[in-house]
Amino acid sequence: MTHLDIGKSGESIAINFLEEKGYRIIRQNFRAGKGEIDLIAWSPEGCLVFVEVKTRSLDGYGGPEEAVDRKKQDMIARTAGSFMAQIGHEGEIRFDIISVLLARGELKSIRHAEDAFF
């Protein structure tokens with residue numbers, strides 16, 4: 001699997017995971033300027049959630065969520081602001097990270113960190 005294949009696989013797994021939890025995915029791979037948000041969804045409680053999906057094929061370099069540093073968080077927050085302006089959203093928002101670990105292309109584990117930024 002290439003790096004891109006691993007990422008796409010992780011996003012598909014994350015979408016299924018969130019939908020099973022009652023989330024409604026409204027955008028995938030939203031781009032604004034230099035920023036990108038992997039998934040944007042409405043939570044079951046009606047909160048607009050911006051989700052960064054991190055997928056790794058091995059657990060040897062720490063958890064996938066550790067790759068979401070402050071700089072990445074700031075970029076995602078700016079991109080989220082662009083999305084909210086586009087749809088006129090002024091309500092509650094949240095930034096989540098979903099970590100997907102794969103072993104030989106198969107799901108090994110998935111973690112959902114809610115309200116993971118700032």
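If Met1 satisfies every condition in (1) in a helix (DSSP H, G or I); (2) surrounded by fewer than 17 Cβ atoms within 10 Å (Cβ to Cβ); (3) in contact with a Gly (Cβ under 7 Å, 6 or more places away or on another chain) but one, which is the exception? For Met1, the failing item is (1). Looking only at the range 90-118, count how many residues are assigned to a strand (DSSP E or B), under 15 Å from the mean Cα position of the chain (by Cα) and small (Gly, Ala, Ser). Going through the range 90-118 one residue at a time, the tally reaches 2. Going by the conditions given, is Arg78 of a type outside the set (A, V, I, L, M, F, W, C), more than 16 Å from Gly7 (Cα to Cα) and assigned to a strand (DSSP E or B)? No: the conditions fail for Arg78. Pairs meeting the criteria (first residue in the range 100-111 and touching a residue at least 12 places away in the same chain (Cβ under 8 Å), second residue in a strand (DSSP E or B) and of a type in the set (D, E, K, R), beta carbons under 8 Å, at least 6 apart or on different chains) are Val100/Lys54; Val100/Arg56; Leu101/Arg56; Leu101/Lys108; Leu102/Arg56; Leu102/Lys108. Just one of the listed residues (Ile40, Ile13, Ile25) is under 15 Å from the mean Cα position of the chain (by Cα), more than 17 Å from Glu114 (Cβ to Cβ) and in contact (Cβ under 8 Å) with a residue 12 or more places away in the chain, and it is Ile13. Could you look through the range 25-69, keep only residues that are farther than 18 Å from Ile15 by Cβ and at pLDDT 90 or above, and pick out the one that is surrounded by the most Cβ atoms within 10 Å (Cβ to Cβ)? So, considering only residues that are farther than 18 Å from Ile15 by Cβ and at pLDDT 90 or above, the one surrounded by the most Cβ atoms within 10 Å (Cβ to Cβ) is Gly35.
The values are calculated or read from the model by the stated rules, or taken from the named source; none is laboratory data. For clarity, every value in this text was computed on a predicted model and none was experimentally measured. Cβ atoms come from the backbone with ideal geometry, glycine included; neighbour counts cover every protein chain shown.
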